[in-house]
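What follows is a single structure, written as C-alpha cells, with notes after it.
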Amino acid sequence: MSKEENTANRPDNTAFTQQRLPAWQPMLSAGIVIPGFVIIGVAFIGIGVALFVTSQNIQVLEKDYTGIETNSSCFKCTNPRVKNCNCTINFSLDKLFEGPVFVYYGLSNYFQNYRKYGASKDAAQLTGDLAYFTEPSTSCVPYQRDAKNKPIVPCGSIANSMFNDTFKLFQIVNSGNVAVPLDGKGIAWWTDYNIKYRNPTTNPLKNAFNDTVKPIFWPRPAYELDTTNAANNGFINQDFLVWMRRSALPNFRKLYRRITEGEYAKGLPAGDYALVIGYNYPVKAFDGRKKVVFSNVSWMGGKNQFLGIAYLVIGSLCVVMSIVMLIVYAKFKFPDEE
Amino acid sequence: MLVRHIFPVSSLFSLGGDESRVDSRTIYVGHRPSTTEAFIPPKFCDNRIVSSKYTVWNFLPKNLFEQFRRIANFYFLIIFLVQVIVDTPTSPVTSGLPLFFVITVTAIKQGYEDWLRHKADNEVNKYPVTVLENGRRMGTESEKIKVGDVVEVNEDETFPCDLILLQSTRDDDTCFVTTASLDGESNHKTHYTVPDTEKDLDSLSATIECEQPQPDLYKFVGRMHIYKTDREPEIRSLGPENLLLKGATLKNTQRICGVAVYTGMETKMALNYQGKSQKRSAVEKSINAFLLVYLCILVSKALVCTTLKYVWQSKPGQDEPWYNQKTQREKETNLYLKMFTDFLSFMVLFNFIIPVSMYVTVEMQKFLGSFFITWDRDFYDPEIQEGALVNTSDLNEELGQVEYVFTDKTGTLTQNNMEFIECCIDGFQYKYRDAVSELDGFSATDGPVSKLQEKAGKEREELFLRALCLCHTVQVKDMAGVDGMEGCPPPHEQTGFIASSPDEVALVKGAMRYGFTFLGMESKKMKIMNRSNAIETYDLLHVLNFDPVRRRMSVIVRSKSGDALLFCKGADSSIFPRVRQEEVEKIRVHVERNATEGYRTLCVAYKKLSPEEYARADADLQAARLALQDREEKLIAVYNQVEAGMTLIGATAVEDRLQEEAAETMEALQGAGIKVWVLTGDKMETAKSTCYACRLFQRGTELLELTVRTLEDGVRKREERLHDLLLEYHKKAVQDVPPTKGWSKPSQDFGFIIDGASLSMVFNSSESSSSHYKNLFLQICQNCTTVLCCRMAPLQKAQIVKMVKCSKGSPITLSIGDGANDVSMILEAHVGIGIKGKEGRQAVRNSDYAIPKLKHLKKLLLGHGHLYYVRIAHLVQYFFYKNLCFILPQFLYQFFCGYSQQPLYDAAYLTMYNICFTSMPILAYSLLEQHICVEVLLDNATLYRSIAKNAMLRWVPFLYWTLLGVFHGLLFFFGVRFLFGNPALQANGQVFGNWSYGTIVFTVLVFTVTFKLALDTRHWTWINHFVIWGSLCFYVIFSFFWGGIIWPFLKQQRLYYVFAHMLSSASAWLVIVLLILLSLLPDILLVVLRKSSTAFLPRGRPLSSCCRRRPALTASPGVTEVSPSPCFLLHCPPPNTDHDYHSCSSLVCFATPLACFLPDCFCPPYGNVHYHLHPLNSTSR
C-alpha cells in the first residue's frame, strides 16, 4: 500500500485529537493550602477589623415617628382626617455628630418590590416623550387616567405613592431655633438625574403638562415639586428619582437630604434639636412604620455590622482550619512532601 | 418491518397447491407476459433507496414535531405559551430564546445528518445502470429499475437491486461476487445462473415466483417457469445461489445479466438496514429521574408560593394597600382563576430550574466527544489502515459502565488466521515440523509427513489427503496461467485460495504441504495433483453445504474409476455418531488432546456410494432442492440420510492464534471488575483452551461444566440430571461461598461452561421449571469469574445477553464480535462492539463502535469509557446544581416581595445565564477533562470499579449536588439580604434598589458556579482557561454594556448603570468576594482532603498527575508499603493466584462520605460492596 493512503486514513497526530493537550494539574498540596489559608484568613481578619471599626465609627440616630404610641407627638397626625399635620420630635446630641450628615427616611412593611407596583409606570413618559403624556401606558392602570379620563402624568402606582412627608431640622440654641440647612441635591443617582429620566424640552415646563392631571395623591403637579429650584422639577426632581428607584426589601430607607452647607457641614454639634415633620404619608393602614435616620457614611456606605462580622468569622475560620490542618499534617507527614 | 404485498397468484402456477403461497410474488421476466396469462403488471415499489427522514418541504414541520415529542422540549414550549398567554413576571423571550436556541441547534444537527443521508441515497439512486429492453441496451438510473427488468452489470460494479442471475459471461455459468459491503465477507462467492435458461435473453419467456422480501441475506426460495412455444413449461428451483444481492459487487466476471426481483426498500440490504433499535444510555435514565425530582421541586415551590401568597394576603391591609391598588379587572377576576394564574406565574418564574440547555449540551458533548474515539491513534491499525469507528455517539458514557463483556471467540479472542498444525490418520499422529523449510524439500518417496511414531498405511494417507483436497468449497484465485500450468506445482501464494472460511484454506494448504495440491475446478470437475505430480480429476456431483446446525459439510464426487465417493468433514460431535463406532476411539484421543491445546479440530470421513445409493441420493437431493416449501428442512433430512454409515479416516488440527494482547486485555477487564463471558459457536475443548490461553480460566479455577457430556453421564434422564447439576453447582458457587469482601478476589474462582444444547434445555424446559432453572443458572453464572458458552447458535448468544441484561440490577452489557453470527448479540447488548476482522463488516455495521483489534477494547473501556462517564456525569450533576442555585434566590425573594412573582434578576440575565454565561466552561470540561490521565487509567484497571454501577449519578451524589446548590442559593440570597439591611451602600450615601440586589446575587452566582467548575477541573488545557476566564470576562463586559447604553428597543432601562454603580460600591465588592469564598470553602476543603488521600497510591504518585511517560506503577500487593495518613485505607487482600495480578494492589480512599461523590474519589460504589476500613494508625503500627 502506498504511503499516502497510509497517512490519509491515519488519525491526525495533534495534541488536541489525541487528548494530549498540555495541561496544568492544579495540585493543592499541604504546602500551598496551609499558607494559602493562613494568608486568606489573615487578610479577611484584617478587612473584617477595618470594616468593623469603620462601621462602629459611623454614628446613627434613628427616630421612629409613626405615632403609634399615644404619647408620641405624632400620634395626633395618624388620624387620616387631620390635614397638613405637623409634629415635632426633639432630641439631643451629647457630642458632635460628624458630618457630612445624611438624613434618610425609612419605611417598613412597605412593598415597593411588589411586581405589579413595580411595573406600574410608563418608562417612555418619564423620558419626556410627549406622546406618552396624552396616552400613558396601560401598565399604569389604575393610575393611568383620572375619573374624568384625563391622562395622569407621571402615571402609575410608584409615582402616585411618592413619599411626601417633609422634615425640617432646627437646633435649639438659647431658646431660639436655628434652622439646619438640608441639601436636596445629590441624593439620587447621577445617571438617573442626568440621563435616564428626562423632562420634556417644552419651555416653560408647565406647558408640557397641559391637558394632564397630577397623580391623584399628589398635592402639587410634577412641575411644581420644588418651588425653590427650577432644575429640580418634573421628572428629574431628586426626591422623585429617589422614590422611583424601587427598594429591594420591604423594610428600606431612602436618602432624603444631606447636611452639607454652612456651619453644619462639619457635623451637628452637641446640643438640642427639634425635627419638625410635615406628616402626610399614611402607613398605619398596612401596619407600616416610618422613621427618620441621621447617619454619616464611610467608604463602605452606611453603618452595616454584617460585613465586618462576616469577614472576621470567615477569616478566623480559615486560620483555625489551617491550624488544624497543620497539626494533622505534622502528625502524619505527607509522603509527597518528603 | 416487512411489507407484504398480497396479490393473487394464478391457479396455473400453484402446482404445489398449498394455500400459504399467497405470500409470494410473481415476476414477469423482461415484462413479457406468458402466453397463457392475461398480463396484469403487478405493482412493486420502485428501486429508490430512501434512508433520509426529511425532504426540503417537510423538514420544518416534521423535525419540529419530532423535537417537541421530547418531553423536555414540550415542557418548555408549554412554559413559553403560558408566558405568551398569561400575564407572567418574565417576558416570553426569557424562555423562548433558549428554547429557540436548543431547537435550532438540534435541527441543524439533524438536518446535516439527513443531508448526508440524502447525498448517500442519491449516489446510489442515480447510479447509471444498463437495462435490456426488447433486445436494446438502455442506459438509465438505478432508481428507475422496476421489478422484472433485465439488468446488465459489469465487473466490479455493484448490483443495483436484488437480481436473479440469468446469464454470465463465464463459460461455467457462474459468477463471482463479493459481499464485502453487505455482510463484509470479502471472499468471493460463487453464484449460479438458473440452469438451462435460454442463451438469448430476448426470447426468454419466463415468470419467477418467489417469496415476499425478507431480511435474511442467506435465504431465498423461488422457482422459475420457463415457457417455450413448443413444450410444456419447465420449472427450475431458485435458491440463494441464484440471487445476487443489492450492494454486492461482481468480481472476476466480465458481465452478467439478471432479472430484478426485489427493488428499492424491499431489497434484502434495505430490509437489513431497518429495525436497528435505538439504544439509550443509562445516563439518560438518570437524567430523566433527576428531571422528575426537579419538576417536583418546581411544582412544590410554585405551590408553596401560591399558598403563602393567599395566606399572606388574607391579613388585613396586605392584599391591597393604598399605594398599590388593583385594577378593575383584577378585582373582578374569579379567585380560583387568580390562584391558578398565580400558580402558572410562579411556575414560569421558577422554570429555569429545569435546565433547558442541558439536553443540547449533553447532545453536543456526546456528538463532539465521540470524535476523540475516532481520532485516537492508538486505535489505528496499520494492517487494515483503519482506526476506530463510532456508529452512535449516544453510548459513549456507557463504555464506562460495562459490567459484563460477552465476547466471541473466533476472530475476536483469536485471530481467525488458520494454520494447519497436524493431522491424525487412523489414529497415527502426523505433525508437520517446519512448514517453511520443508516446503520445497518434500518428495514423493519419503513422504512429506514427518513420522512421529508409526505411519498409517499409505493408502489411508492418500485417501485422507484426497479427502482434504476435495471436500471443500475453496476456489483457486483466477490467475493467468493456472490452467496452462499442467504438471507444474501452482504458485504457493498465500492468496491463492478463496474460501468462505479460513479453515478450509488452511486444510487445503495443509494437504498441499503433504503433496496433494488442489488445482481448481473447471466445469464441475475438480482437479488435484497428487504426490507423484499426476493430475487426478473428479466430477463434483453434489455439495452438501456447511451450516452451523449440522456443523459439517460433504461433497459427492465421482472418481475416474466411476465410483461415487462421499467425503465429509465436520466437528467431531457431528461426525462421530455418523461413522462406524469402532474407529472412533483411537481418533477421539487425538481430537481431544488437540482441542485442549487450543486447536480447531475437524474429523474427516468418507463413504463409497454404490450406484443405487447414489441414484437415490441424487434424486432426493434434486427433489429437496426444488421444493418451494420447507426446502431447508427437507434438504437437511436428505443430508442426514446421505451422511450416514461413513468411515472415519482421520482428524485435522488447525491453530487459530490468539489476538494480540488478548490475555492482557482480558486480564485488564477482569481487573476492572468486568465479568467476561465467552460465547462461541466453537466446540468446548477448543474454547476452553482459548480461555486458558487468555487467562480467563486460570490454574486455580474450578470449572463447573453443564454440557451434553456431563448431562449424559448417568442412566437418568437428561432433565433430571440437569436439575441435579444445577442444584449442585448452585450450592458450590453461590451458597457455600462466603460473601465477598469488596472487590477482593474470592477465595475460589469458578468458571462455568455450558453448551448450546444444555442451554436450550435450561431455557426450554417445561414451563414451571424453566424460570427456576434460568434463575439458578443465572445465579451460578454471576458468581463465576468467567462463563464459557460454547456451541452457541447466534440466537442463543442474544438470548444469553438478554438474560443477563434483564437480570437483577440490570447490569450494563457489552458484546464484542467480528462475524455475522455475532450481530444478534451485538444488537442485543447495551453496547455492541464490532471488530473489523476477517469475517467481514456485518458486525461492524451493526455495532455501536467498531475497533480494529480486540486489544483496543481495553483503552476503549478503561480509558475513553471511564473519562466519558466521569465527564457526562459531572456535566449532568453540575447542570442541575447550577440551575438550582440560580433559581433558589429567586424563590427566596418571593418571601420578601409579597409573593408577587417579582423576578430577582433582570430578564437578560435570566435568559443568558444558561446559554452564555455558564454553558461553555462545562462543555469544555465535559470534552476535555481527564481527572486521571489515560495511562494511569489503563495501568490501574481497578480504577474502573470506582465508577461502576453508575456511581456518580446515584441518589447520594445527586443529593450532595442538590444540597450544595441549596447551600449556595441560601448563601447568595441571605448574604446579600443582610448586606441590604442598610441599602445605603455607596460612599456618597445613596441607596441601592432591587435591581442592584439582583445583580449582586447574580454576579456572585456566576462567579461561584464557574469557580466551582474550575475547582473540579483537574486538567487545565488552554481551552479550559480560555472558556472559564472568557465566560467571566464576557459576563462582566456584557453587564457593563447592557447597563451602559439606553437600549432603544427596550421599554424599560431597568439595569441602566446598575452594574457600574455596584462596582463603585466597596461593600458590594466585599460581599461578592466574601460570598464566593464562603460558597467554595467546603469544596476547597474537600479537594484538599481528597488530594491528600489520593496521594497514597503506590509509590505515592497522585493519580491525577497526568504523566506523559508511563508511570512506574509496579505491583505492591498489600498495604504494607503505604505510608500512614490521616485517613482510612481501603485495601484489597493480596491476590492468591500465582499470576502477576497487580491491578488490585492497594487502593486508598478517603473515608469522608462526601469525598466519594466527587469524581476524584476512587471508592468503589455503594450497594453490595463492603469496605475494609482501617484507621491507618492500626495498620502501620
Hz values of 3J(HN,Hα) by residue in segment B:561-576 - Karplus curve (6.51, -1.76, 1.60), Gly and Pro given as x
6, x, 6, 8, 10, 10, 10, 9, 10, x, 5, 4, 5, 8, 8, 3
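Under the definition of partner shielding as Cβ atoms of other protein chains within 10 Å of a residue Cβ, what is the mean value for peptide B:368-379? Present the calculation step by step, with values, prior to reporting the outcome.
Working: counts 0, 0, 0, 2, 5, 1, 2, 8, 4, 7, 2, 1.
That average works out to 3.
Among B:Lys285/B:Lys774; B:Lys509/B:Lys586; B:Lys683/B:Lys732; A:Lys284/B:Lys326; B:Lys301/B:Lys1051; B:Lys219/B:Lys853, which pairs are too far apart, with a Cα-Cα distance over 22 Å?
B:Lys285/B:Lys774; B:Lys509/B:Lys586; B:Lys683/B:Lys732; B:Lys301/B:Lys1051; B:Lys219/B:Lys853
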Fewest-first sequence of B:Trp1022, B:Trp375, A:Trp24, B:Trp677 by Cβ atoms within 10 Å of each Cβ
B:Trp1022, A:Trp24, B:Trp375, B:Trp677
Positive-pole candidate from A:Ile89, A:Val141, A:Gly186, dipole of chain A, charges at beta carbon
A:Val141
Going fewest to most other Cβ atoms within 10 Å around each Cβ, B:Glu597, A:Glu98, B:Glu461, B:Glu232 line up as B:Glu232, A:Glu98, B:Glu597, B:Glu461
Just the isolated ones, please: cysteines in chain A lacking another cysteine beta carbon under 4.7 angstrom.
A:Cys318
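By the gyration tensor of its Cα atoms, with a ≥ b ≥ c the square roots of the eigenvalues, what is the shape of segment B:127-272: rounded for a/c under 1.5, prolate for a/b over b/c, or oblate?
Values: a/c = 1.41, a/b = 1.30, b/c = 1.08.
Rounded, since a/c falls under 1.5.
Starting from the Cα gyration tensor of segment A:59-296, take the square roots of the eigenvalues, sort them a ≥ b ≥ c, and report rounded, prolate or oblate (rounded when a/c is under 1.5, otherwise prolate if a/b is larger than b/c, else oblate). Before the final figure, lay out each step's value.
Details: a/c = 2.06, a/b = 1.59, b/c = 1.29.
Here segment A:59-296 falls in the prolate category.
Let me make sure I get this right: for segment A:14-142, a, b and c are the square roots of the gyration tensor eigenvalues over alpha carbons, sorted descending. Under 1.5 in a/c it's rounded, otherwise prolate if a/b > b/c, else oblate. Which is it? Provide the component values of the computation, followed by the final result.
Numbers: a/c = 3.72, a/b = 1.50, b/c = 2.48.
Judged from the Cα gyration tensor, segment A:14-142 comes out oblate (a/c at least 1.5, b/c at or above a/b).
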Gap separating the Cα centres of segment B:98-123 and segment B:208-242, nearest whole Å:
43 Å
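Report the full-extension gain for the segment A:Lys168 to A:Asp12: residue separation times 0.36 nm, less the Cα-Cα distance, to one decimal in nm. Before the final figure, lay out each step's value.
Details: separation 156, 0.36 × 156 = 56.16 nm, distance 8.06 nm.
Difference between extended and current length: 48.1 nm.
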Estimated FRET transfer efficiency (B:Val84, B:Val734; beta-carbon r; R0 41 Å; 0.05):
0.10
Counting only other chains, and only Cβ atoms inside 10 Å, what mean value do you get across the residues of A:12-21?
5
Kindly flag which residue pairs out of B:Lys525/B:Lys836; A:Lys63/A:Lys121; A:Lys83/A:Lys214 have an alpha-carbon separation exceeding 25 Å in this structure.
B:Lys525/B:Lys836; A:Lys63/A:Lys121
Would you pull out the residues with amide H under 5 Å of B:Ile145's amide H, same chain only if 5 or more places away, H placed 1.01 Å from N?
B:Asn47
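Order by neighbour count: B:Asp572, B:Asp736, fewest other Cβ atoms within 10 Å first, most last. Don't jump to the answer; show the numbers that get you there.
Values: B:Asp572 24, B:Asp736 9.
Listing B:Asp572, B:Asp736 from fewest to most nearby Cβ atoms yields B:Asp736, B:Asp572.
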Report the label-to-label distance for B:Leu703 and B:Glu113 in nanometres (one decimal), using points 7 Å from each Cα along the Cα→Cβ vector.
4.6 nm
Sorted by chain and number, the residues with a modelled amide H under 5 Å from that of B:Gly520, at a separation of 5 or more or across chains, are B:Lys527
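Quick check on packing: order B:938-948, B:406-416, A:182-192 by the mean number of other C-beta atoms within 10 Å, highest mean leading.
Numbers: B:938-948: 22.4, B:406-416: 26.4, A:182-192: 19.2.
In decreasing order of mean packing, B:938-948, B:406-416, A:182-192 become B:406-416, B:938-948, A:182-192.
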Helix axis angle, A:305-331 relative to chain A longest principal axis, alpha carbon, degrees
20 degrees
I need to check one value: relative contact order of chain A, counting alpha carbon pairs closer than 8 Å and at least 6 residues apart, in percent.
35 percent
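Mind giving me the FRET efficiency for B:Tyr310 and A:Leu130? R0 is 41 Å, r the Cβ-Cβ distance, nearest 0.05 is fine. Please list the in-between numbers first.
Values: r = 42 Å, r/R0 = 1.02.
It comes out at approximately 0.45.
Tally Lys and Arg at +1 and Asp and Glu at -1 over the other residues with C-beta under 15 Å from the C-beta of B:Ser357: what net charge comes out? It would help to have the intermediate numbers written out before the result.
Values: positive: B:Arg70, B:Lys109, B:Lys366, B:Lys882; negative: B:Glu363.
So the surrounding residues net to +3.
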So which trypsin sites (Lys or Arg not before Pro) in segment A:55-88 end up in coil per DSSP with only 16 or fewer other C-beta atoms within 10 Å?
A:Arg81, A:Lys83
Per-residue Cβ counts within 10 Å, from other chains only, averaged over A:250-256: what number is that?
5
At a Förster distance of 41 Å, what's the computed FRET efficiency of B:Lys53 paired with B:Trp1047, Cβ-Cβ distance as r, to 0.05?
0.50
Hey, which lysines would be in cross-link range of A:Lys266, C-alpha to C-alpha under 21 Å, not counting anything within fewer than 8 residues on its own chain?
A:Lys95, A:Lys168, A:Lys185, A:Lys303
Net charge, A:Ile58 excluded, C-beta distance under 13 Å - Lys, Arg +1, Asp, Glu -1
-1
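All of the numbers you see were taken from the coordinates with simple rules; none came from a lab. Quantities reported herein were computed from a predicted structural model and do not represent experimental measurements. Methodologically, a virtual Cβ is constructed for each residue, glycine included, from the backbone with ideal geometry; neighbour enumeration extends over all protein chains shown.
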